[in-house]
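Q: One structure is given below, represented as structure tokens, and several questions about it will come after.
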Amino acid sequence: MISNFLKTAFVVVALVCVQSATSVAQTTKYKCMIQMTNYMGDGAYIVISLIDSKGAYEKTLYVLGSDKKWYKTIKEWNKFYLKKPAAVNAITGASVTGGDRAVNVIEIENAKIDKGYKLRFESAVEDKAYNLKDVEIPLTTETLAAKTEGTGYIRYVRFSAN
């Protein structure tokens, strides 16, 4: 009787483990290279966000600029961040200045690709304009393989699977 109980318990534990493993989101790491325009001024703060099909913020993927006092300059993202504070320390790097480039690794859930999501790059520079959609691209297999031009401080963005 104890043997049957142990067998049943083992099967239940095994099924729970299999279900837990399959429910964990599969992700891919991408190198994200941001080439800046040759603007004059301080380093740009840039936030890379995952935007859902309705245009709402879903997740912060990366923050370039580590001083939280300047997050308010990235106006729309900051509203999201203040409502749903998340630990961004692990996905934060240095700001990037005019003419420079930054290469960072971002992790994207595979299930979000080709499903109506977008990647939004917001940028702000102290005492200069704020760009809500410096770069905004549909999150598709094609755009993750292409170079995308920016409209503000970002000249272009390019991804490569890590």
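Q: With the cut-off at 29 Å, tell me which of the pairs LYS31/LYS75; LYS69/LYS112; LYS79/LYS112; LYS31/LYS115; LYS29/LYS147 have Cα atoms farther apart than that. Walk me through the numbers on the way to the answer.
A: Details: LYS31/LYS75 26 Å; LYS69/LYS112 31 Å; LYS79/LYS112 23 Å; LYS31/LYS115 21 Å; LYS29/LYS147 17 Å.
Beyond 29 Å: LYS69/LYS112.
Q: Another question about this same structure. For a quick check of your reading of the filter: which trypsin sites (Lys or Arg not before Pro) in the stretch 74-162 sit in a DSSP loop and have no more than 13 other Cβ atoms within 10 Å?
A: Working: sites: LYS75, LYS79, LYS83, ARG101, LYS112, LYS115, LYS118, ARG120, LYS128, LYS133, LYS147, ARG155, ARG158; in loops: LYS115, LYS128.
In loop regions of the stretch 74-162 (DSSP not H, G, I, E or B), the sparsely surrounded trypsin sites (Lys or Arg not before Pro) are LYS115.
Q: Tell me, what is the FRET efficiency for ALA56 and ALA129 to the nearest 0.05, using R0 = 25 angstrom and their Cβ-Cβ distance as r? Display every interim value, and only then the final one.
A: Working: r = 24 Å, r/R0 = 0.95.
Efficiency computed from Cβ-Cβ geometry: 0.55.
Q: Let me ask another. Starting from 0.36 nm per residue, how many nanometres of slack lie between TYR39 and THR151 once their C-alpha separation is accounted for?
A: Numbers: separation 112, 0.36 × 112 = 40.32 nm, distance 1.25 nm.
Stretched fully, the TYR39-THR151 segment lengthens by 39.1 nm.
Q: If you don't mind, there's one more thing I want to ask. For the stretch 26-161, compute Rh as the Kirkwood radius over C-alpha pairs and then the Stokes-Einstein diffusion coefficient at 25 °C and 0.890 mPa s; write the answer in µm²/s, rounded to an integer.
A: Rounded to a whole number, D works out at 166 µm²/s.
Q: Right, next: About the Cα centre of the stretch 32-153, what is the dipole size in debye to 20, counting +1 per Lys and Arg Cβ and -1 per Asp and Glu Cβ, all else neutral? List each step's numbers first, then the result.
A: Numbers: 17 positive and 16 negative charges, 89 e Å.
Here the stretch 32-153 has a charge dipole of around 420 debye.
Q: So which GluC sites (Glu not before Pro) in the stretch 82-162 pass both tests, a DSSP loop state and at most 11 other Cβ atoms within 10 Å of the Cβ?
A: GLU142
All of the numbers you see were taken from the coordinates with simple rules; none came from a lab. Every value quoted in this text rests on a predicted model; they were computed, and no experiment measured them. Here the Cβ is made from the backbone with ideal geometry for all residues, glycine too, and neighbour counts use every protein chain on show.
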